[in-house]
Amino acid sequence: MAFDSRIYLGRLGQLTAIRSPRGNFEAPRQRRTATFELGVGGTAVDQMLGGARVYTLNYDQLFREDWIYLQGFLDGHQGPGPFVLLDPGQRNMLPANMSSSTSLTNDTTNFAVAGSGCTITSGLVTPLDTIGPRGLFWNFANASPGASAAAYITADWPSSWYQYGVPVVAGRPLCFSFTVRSSGAVYTIQPQIIWRDATGSQVTASTAGSGPVTTSVSASTQGYATGTPPVGAVYADWKINYLSGASPGTLIRFRQFMLNEGTTPDTTFAHGTGVWPVRLVAGPEAWPFLSPELRVSPTVVFAEDVT
Amino acid sequence: MQDAGSDYAAAVVSHRTWVPPRARADFSGYGYTADKTLDDLSSQISQDWEVAHDLDDGYPNTVSFVSGTSVPEFETELTGRAPSRTVVSAASSWSAQVVNGTGTGFADTLVIPPTASGGPRAGEWIVVTVNVRNVLATIDCNDELFEQVMSAADVTVFTTVYVRKVSADLAASGASVVFSFAGTAPTTYTIIAAAVGLRDGKDQQVDMELTTASIVANAGVGPSLSAPAVTVAAAPTRAPTEAALIVSAFARGSAGAANWVPPSGDTEIRDAVGGNGALNVNAELNYDPTVRAAGSYTKTATTGAGAVTDATMAALVFTAITWNQLRGVEFWSPLRADSPLYGVERDLAGFTLDTGLVTDAGIKYVRIFTGQTVNIPVKGGKAQLKTVSATRMKLMRQVRPFAFPARYAGGLRACWPVSWAVAQAGIYAGPKPRDGYTTLYYPNHGSLWRFHDAGYPDGNRLATSGIERWNVVEIASGGTFASGTSLEDADWIEGPYVTAPDLQLRAARSRRAYTQNPPFDQSDGQPAALTVGGHKGRLEAWVKGDTTDWSQAPGGSSNVTALLKLQMINVTNSASAQMGLDVQRRVYITVNDAVTGAKTLTGPQLPLDGEWHFIGAAYDFDSDKLWTCMDNTVGSASASLATTNLPNNNVNNFDITNSFILSYLPFSDFTFSTGAQANPDDFPRWRNHADFAPTAQVGLSRNKLVALCETKPREIWEFAASYAQSELAAMRCDELDQFQYLPLSWWVKPEQQQVSALAVSSALNSGSFDVDNDPARIRNAVSVSYSEASVPGFTAEAGLYRRAYELPTNQEIAIPPGMTTLRVTFSAPIVGLNQIITAVDSTTIPASATADPSTSYASYNLASDGSGGYTTASISATVVGWNAGEALIQFSNSSLFTYYLANGVNLPALALAGLPVSTVQTYATDTDLSAVSVRRGERSLSVSAGGVQTSESARRLARNLKTNLRLPMTTVGDDSSGVTVVADARRQPGDLSQFVDTESGTDGSLWRLQSVRHAGSGAAYTQQVVARKTYPICIVGESLVGRSIVGPSS
């Protein structure tokens, strides 16, 4: 499988590939924990729900043109930000509760539903498996949830800044996928990627990929949509439309939501933690003897702004 | 303990995955709108924060007597991030109601019911256009949230545009929005209401504000009219980059005038044609959602072939509340004009903090702080968010309670002044009254005295006859009705919310409370109750379902006409209204219009279960309808009711001998409302609905007062705290910012004996225990100093009043022709005043001055030394206001001469009789004589109890202090720090919890939490708790007395 391994950095809608570091690209995600010492000597451990990554790019050296682009973010010439950094090491670009199909929060945070009699819930899946404990359940209370355009599930993006989807690079294809299984009825649903502009308005939608997916009550089926961001697209949003099959009291169960670079779903599901705005917090500058066109050993540090 | 469900409890035990606290503010003043903009501070607050909730019950710390009050605060740093920028993509609208009509001096209403499909949502704006052929007299809305009215008139068309912001989704609020209109002269009119909102690209609502509004009359002669040019303010001030332009166009035309055609590019919201013939009025609302940039816009509307004359047009610009990208300090700096907070008051925004936990049922939040911002200074590159209890801020207001003696109010417990004082700040210990419509308000929170001021200055009655009082009369079996015993104290029991008088109607004994001529309140614009101008009324109260033996009533059943009754009878005819509980325990209402006779509606019986029940009764002459309500069962009936024979004036036309409130059963939170809210069809929620839920908890006080006689205004918090200190009541604001006043009796209630599930164990959730049994706190001799008060009673010799004021003989007061006002100050506070000021001369003054101290008099003499002639006819004196400390007297001199308050017999020229309160500074002591105390020697504590007036209360305070301080008081944690525990946001001060620590020998016994201090630092969410050992509730005869809380007593 060929990945686009380039690192993209820029303002929203104005992303460009930057030089990949010869050293490591460090991207640890810090999920804060706290230990509490009990009176009798044991410990109790608390943790926070979310986390944030700190990206560290360890360059051996950079040519001036590469450095100048980074310096624009460091010194404010690119505006106050925040900025977009697409880490090719994070294949699934969906946020954690979405990619874990509600297993992070045990509720439908980051999902939305529309349609007459339609509700979504977070439910434990059976039989137990190693993927994760929960799935997103799309429940139907009547046989006519509405036209295909009116009954759907979609994302409710968590970032207070990227409200309309995952930032995209024009011309860089993306693939949205999930696995699905139904209970009590066989459904047909249609996944799509919606390309949105900076105001959230739809530019176009991509429905190529698996096309309409017919669910099974006994096995999981994968559905996906793929497309290339058109000119003017800033965000990739997703939507799964209902097409047919609704029966009162039945439901569709979704798992393994993924948005990856490329035109097909990755064969190996990856957990996502989302694409969040970043700020450039460090970038030491030094140049070697008699080589002012170079920058030696710059270590560039970005911090995710998970709000 | 707050209830967050079993999922929450399981998650606390199993994994404790915390969610960042949810911090919400309300800078816009319209409530939190969840619009991901200004009011959501969740993403901004620092990882370090702290909230402290204490239950300071007034027991002293080591060296001093503490306040007995606790105010929570919350403070943290803000990152200063600008909230996300929302972009307007479209405007939405709700097509609402239209009212057309024709009439003379019309009065109409436009009602948007809560059931309106897709009705106005929070954050949207309702735009009302009123187009009248002739003049619109008034326009008003029942929800006075925010409104702007602008009007213009040309020769024949009068147009008003009225806008108001919607504070809550109408469907969720459950209440109608009612617009009322009144016009003059023969007219025809069209009224349109529509709501508009702005939406982003995903159809999410964007908060918006009205930035421009203009209206122009006689904009032209059709068919082509122009709206006035409107200007969208230029950036960057609040960066109004997105706007929607609303154009309203109106015209009068000939018969069949055609509709307006919306301005080019606009979308029609609503269009209506009203009236008839030549009086047609045509109106239309349009909006243009494409307006985006600052600038000037001109709109042109066109009518059809109907040809139109006389027109007005209006333009409104609604702007999305968005802003340019700002960084940290820039956003919060009060000096940055491009910040959305620029010019916004920073000490008024409501604020809440919830901590969240991942549970099996999703993320659950528990509120741990409610308050308001007090400042957001920018310091060190960050913003500091400082908040405090909003209730505490509200209680900074100064009040002076009404002056009255306990004996005229069925007794007086300290909970009455506490409940009354907080009510003056809009905080109610019982169900809220109907604001602006309540004309009688008797909550009976420790006294029968009214809460409403009845329009009197300082709330003290102005009257030259009679005295305002409640009578409590007890008749024993075999007694006659006329020979009942008047009680000075009704005895007070726990009520449904605070207290209630202990009344009864049993064969062995009856005890009733009644007051004649209750002063109806119209001072806040409340309509009259039973006149030509106002004839709607609604009684609401809670009554205890005690057994009654009406047929065997002492004094005869024929003398008992109702178990509870409010009665009003016109003085000149039979017009009347009475309502309450009849002798068969049925809720009832009887109304007589003096035209068609009496109409009665009865409802269900009061259950015989000893529990508290809500009763209601209402009448509306305009709707010709009667209603009853028992708990949640509402009954109604149509009844033809004419207004022609009702009094023309106000309620003073009632015969005072037949206007009264009576009850034989414990009752509380009694209100009588008039006006629009008296109609249950228009306002279907009775006061037992959650909308009226109390916002304070006040417990039954054991502190008996003799009188309320504050001579100076006092801060509410300080005033209430003085009573808290005087009976060891805990006074605080809780996590929901509800005011609490919890006397000792609170802790002996059964519900306070429930053991919290949140045990504290050093093996499971707690750090090392800090156990203290500090002997240094021991006090075995307590002295309480207080002012013992007394009020003179009626005696045959002295009468009702006593001399309260005498003008010094060396003081010269001139009363020139016309009006003169004199302020007199009483040397001792008074709680009643004889307001008949008799003019006396040299002949009568000696008798008045010396033999009858119950008389108020004045002598007027032409000479300042009293050597001139007197007048008893040319000058009248009227008390125009009085309180415990002073009175304002107005003299009207109708002669041509200047008189003086003087006389030639060397006696006071002005004397006022009243009910002066005598106070004596004294003290009560209580000393422990047990062997161990004798060995320790006397360790005394002296406290001053400003809220105590009787020796009984002083002794009780001294005894309580001594009992709890004579031996070491065992605590976990101390005043300054507690034991650190793994947090559970449900933990609250006052919880009864088990504490377990094998090392210190804490053996699982019960402790009462005195303090819970929340502290967050990232994932480390901990609490510091301080607890005090809890001793068993004493059942006298079975328990040791002296170390226990003794159960309720009166």
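About its Cα centre, region A:175-307 has a charge dipole of approximately 540 debye under the convention of +1 per Lys or Arg Cβ and -1 per Asp or Glu Cβ, with nothing else charged. Relative to the Cα centre, the charge distribution of chain A, modelled as +1 at Lys and Arg Cβ and -1 at Asp and Glu Cβ, gives a dipole magnitude of about 480 debye.
With the convex hull drawn around the C-alpha atoms of region B:466-518, the volume per residue stands at 101 Å³. For B:K394, which aspartates and glutamates qualify as cross-link partners when the Cα separation must be under 13 Å and same-chain residues fewer than eight apart are set aside? Within the straight-line limit of under 13 Å, B:K394 reaches these aspartates and glutamates: B:D347, B:E715, B:E718, B:D737. For B:I493, the residues whose amide H sits under 5 Å from its own are B:A500, B:D502, ignoring neighbours fewer than 5 places away on the same chain, with H placed 1.01 Å from N. Expressed as a fraction of 2.2 N^0.38 Å, the value expected for a compact globular protein of N residues, the C-alpha radius of gyration of region B:551-649 is 1.16. When nucleic acids and ligands are ignored and a 1.4 Å probe is applied, A:H271 ends up with an accessible area of around 130 Å².
Using only the Cα atoms of region B:746-785, each taken as one equal point scatterer with no solvent, compute I(q) by the Debye sum, divide by I(0), and report log10 of the ratio at q = 0.17, 0.30 Å⁻¹. Result of the Debye calculation: -0.86, -0.95. Karplus-derived 3J(HN,Hα) values for region B:570-586, using 6.51 cos²θ - 1.76 cosθ + 1.60 with θ = phi - 60°, are 5, 6, 9, 8, 8, 4, 7, 8, 9, 7, x, 10, 7, 5, 8, 6, 8 Hz; glycine and proline are entered as x. Taking amide hydrogens as placed 1.01 Å from N in the peptide plane, the amide H of A:L294 sits under 5 Å from that of no residue at least 5 positions away in sequence or on another chain.
Across all directions, the average projected area of the convex hull around the alpha carbons of region B:941-1037 is 9.5 nm².
The mean sequence distance of close C-alpha pairs (under 8 Å, at least 6 residues apart), as a share of the length of chain A, puts its relative contact order at 24 percent. Taken residue by residue and averaged, Cβ atoms of other chains lying within 10 Å of the Cβ of B:15-22 number 5. Helix A:64-75 and the long axis of chain A differ in direction by around 70°, with both axes built from C-alpha atoms. Taking a ≥ b ≥ c as the square roots of the eigenvalues of the Cα gyration tensor, region A:163-271 is classed as prolate, since a/c reaches at least 1.5 and a/b is larger than b/c. By definition, a body whose alpha carbon gyration tensor gives a ≥ b ≥ c is prolate when a/c is 1.5 or more and a/b is larger than b/c, and region B:349-498 fits this prolate description. Normalised by 2.2 N^0.38 Å, where N counts its residues, the alpha-carbon radius of gyration of region A:1-88 equals 1.54.
The mean sequence separation of alpha-carbon pairs under 8 Å and at least six residues apart, normalised by the residue count of region A:20-116, gives a relative contact order of 21 percent. Using the Cβ-Cβ distance between A:Q222 and B:L335 with R0 set to 56 Å, the FRET efficiency from 1/(1 + (r/R0)^6) comes to roughly 0.50. The largest accessible area among B:F683, B:F402 belongs to the first residue in B:F683, B:F402, and the rest follow in falling order (1.4 Å probe, all chains).
Derived scalar couplings between HN and Hα for region B:949-965 equal 10, 10, 5, 4, 5, 5, 5, 5, 5, 4, 5, 4, 5, 4, 4, 8, 10 Hz in order, rounded to whole Hz, by the Karplus curve 6.51 cos²θ - 1.76 cosθ + 1.60 (θ = phi - 60°), x for Gly and Pro.
Working from Cα pairs under 8 Å separated by at least six residues, relative contact order for region B:908-1008 is 18 percent.
The charge dipole of region A:41-98, taken about its Cα centre with unit charges on the Cβ of Lys, Arg, Asp and Glu (plus for the first two, minus for the last two), comes to roughly 180 debye. A cut-off of 5 Å between modelled amide H atoms, ignoring neighbours fewer than 5 places along the same chain, links B:V177 with B:I112.
Mind scanning B:K432/B:K704; B:K386/B:K1029; B:K704/B:K749; B:K565/B:K749; B:K165/B:K382 and naming the pairs with a C-alpha gap bigger than 22 Å? Where the Cα-Cα span goes over 22 Å, the pairs concerned are B:K432/B:K704; B:K386/B:K1029; B:K565/B:K749; B:K165/B:K382. The HN-Hα couplings worked out from phi for region B:716-721 by the Karplus form 6.51 cos²θ - 1.76 cosθ + 1.60 (θ = phi - 60°) are 4, 4, 5, 4, 5, 5 Hz, whole numbers, x standing for Gly and Pro. Apply the a/c threshold of 1.5 to the C-alpha gyration tensor of region A:1-147 and tell me whether it is rounded, prolate or oblate. Judged from the Cα gyration tensor, region A:1-147 comes out oblate (a/c at least 1.5, b/c at or above a/b).
The values are calculated or read from the model by the stated rules, or taken from the named source; none is laboratory data. Computed from a predicted model, the values in this text were never measured in an experiment. All Cβ positions, even for glycine, are placed from backbone atoms using ideal geometry, and neighbour counts span all protein chains on display. Keep in mind that these areas ignore ligands, DNA and RNA; they rest on the heavy atoms of the full protein, side chains included. Shrake-Rupley method; radii C 1.70, N 1.55, O 1.52, S 1.80 Å.
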